[in-house]
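The values are calculated or read from the model by the stated rules, or taken from the named source; none is laboratory data. Keep in mind that this is a model prediction, so the values were computed, not measured. Don't worry about glycine lacking a Cβ; one is built from the backbone with ideal geometry, like all the others, and counts go over all protein chains shown.
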Amino acid sequence: MQPIISVENLCKTYASGYEALKSVNLEIRKGEIFALLGPNGAGKTTLINIVCGIVTPSSGKVLVGGHDILSDYRATRSMIGLVPQELTTDAFETVWATVSFSRGLFGKRDDPAHIEKVLKQLSLWDRRHSKIMTLSGGMKRRVLIAKALSHEPQVLFLDEPTAGVDVELRQDMWQVVRDLRASGVTIILTTHYIEEAEDMADRIGVISKGEIILIENKAELMHKLGKKQLTLQLPQQLNSLPPELAKHNLAIEADGHELVYTYDSQGERTGITGLLQDLNAAGVRFKDLQTTQSSLEDIFVDLVRQRK
């Protein structure tokens, strides 16, 4: 299947000499939720703005639905909806007017039924006659999403869409995203809430210092890079490791009341059997144990740290 977005050798260097993107290659599949993760200044917003036609690339090629973003910009922009980080709205307009106007910017004829559907999806229907300036920050964020959906885009970019939004509203927004994906809309999101990417995304891309350092199916990423830890709770405080345990990857935590063993769950041997034997030989007893697996946040932090 042809990707709905194809990015080839994309570079962006600003007049100051700052190199924001370095030969980025990326394909987004139709109908997926793709999470783009990276620290501040990694190039996430620059990449999104280039695809959306806001920033001009220095070199490289970007296709949206098979159309070039430079030579066929009208077609590509009509396929894309963008929810930016900044709360930029028309303060003195009503919710209904600003969302309807956004639809008209893309040459779409009036469709009150569609605008009504979008506003109801985003719990904005009761505020449709309210001026933007009277809304809370969370409500304004929802208006931005409504504007991005007004012209029925095939691709929706969400750049930190839940920044500054309360937890309940965040859950409502993600249900809207799930519904959109179910209807065939492709979603590309950036977020600082990595648990959202872990919950929502089909694939994960990690960008650091203008370069894509990893693209992986979420499940495979967790499977390949996720580490497991075995935590042993000790009945008595342990101040230092006995020599018999030095060969194991152990850490003393909780003021000497826990031993934490980190291992690769995909390895041929976890080493747990040998560890337990050596613990017994060293006279170290434990009263309980539990295992945990690293989260997507742990994996992300490790990946970015390795690139520094």
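Tallying residues that are modelled with pLDDT of 70 or more and assigned to a helix (DSSP H, G or I) within the range 270-297 yields 10. Answer yes if at least one residue in the range 88-102 is closer than 26 Å to Cys11 by Cβ, touching a strand residue (DSSP E or B) at 6+ places or on another chain (Cβ under 8 Å) and small (Gly, Ala, Ser), and no otherwise. No, the range 88-102 has no match at all. Suppose the filter is exposed (fewer than 15 other Cβ atoms within 10 Å of the Cβ) and more than 18 Å from Ala197 (Cα to Cα); does Ala20 pass it? No, not satisfied.
May I ask you to list pairs of residues, at least six apart or on different chains, whose Cβ atoms are under 9 Å apart, with the first in the range 1-15 being assigned by TED's automatic domain parsing to the domain that holds Lys209 and the second being in a loop (DSSP other than H, G, I, E, B) and of a type in the set (Val, Ile, Thr)? These pairs meet every condition: Lys12/Val55; Lys12/Thr56. Return yes when Asn49 is polar (S, T, N, Q), closer than 29 Å to Asp302 by Cα and free of Cβ contacts under 8 Å to residues at least 12 places away in the same chain and no when it is not. When the stated conditions are applied, Asn49 passes them.
Just wondering, is there one or more residues in the range 67-79 that are at pLDDT below 90 and within 20 Å of Gly205 (Cβ to Cβ)? No - not one qualifying residue is present in the range 67-79. Please go through (1) within 17 Å of the chain's Cα centre (by Cα); (2) free of Cβ contacts under 8 Å to residues at least 40 places away in the same chain for Arg77 and return the number of the only condition it doesn't satisfy. Status for Arg77: all satisfied but (1). The set of residues from the range 23-47 being among the small types (Gly, Ala, Ser) and either surrounded by 20 or more Cβ atoms within 10 Å (Cβ to Cβ) or assigned to a helix (DSSP H, G or I) (or both) comprises Ala35, Gly38, Ala42, Gly43. Checked across the range 48-58, the condition of being on the phi > 0 side of the Ramachandran plot, outside any helix (DSSP H, G or I), assigned by TED's automatic domain parsing to the domain that holds Leu158 and at pLDDT 95 or above holds for no residue. Residues that are buried (at least 17 other Cβ atoms within 10 Å of the Cβ) and of a type outside the set (Val, Ile, Thr) were ranked within the range 177-192; the one that is farthest from His114 (Cα to Cα) is Leu189. Selection of the range 49-85 for residues being hydrophobic (A, V, I, L, M, F, W, C), more than 21 Å from Gly107 (Cβ to Cβ) and surrounded by fewer than 18 Cβ atoms within 10 Å (Cβ to Cβ) yields only Val55.
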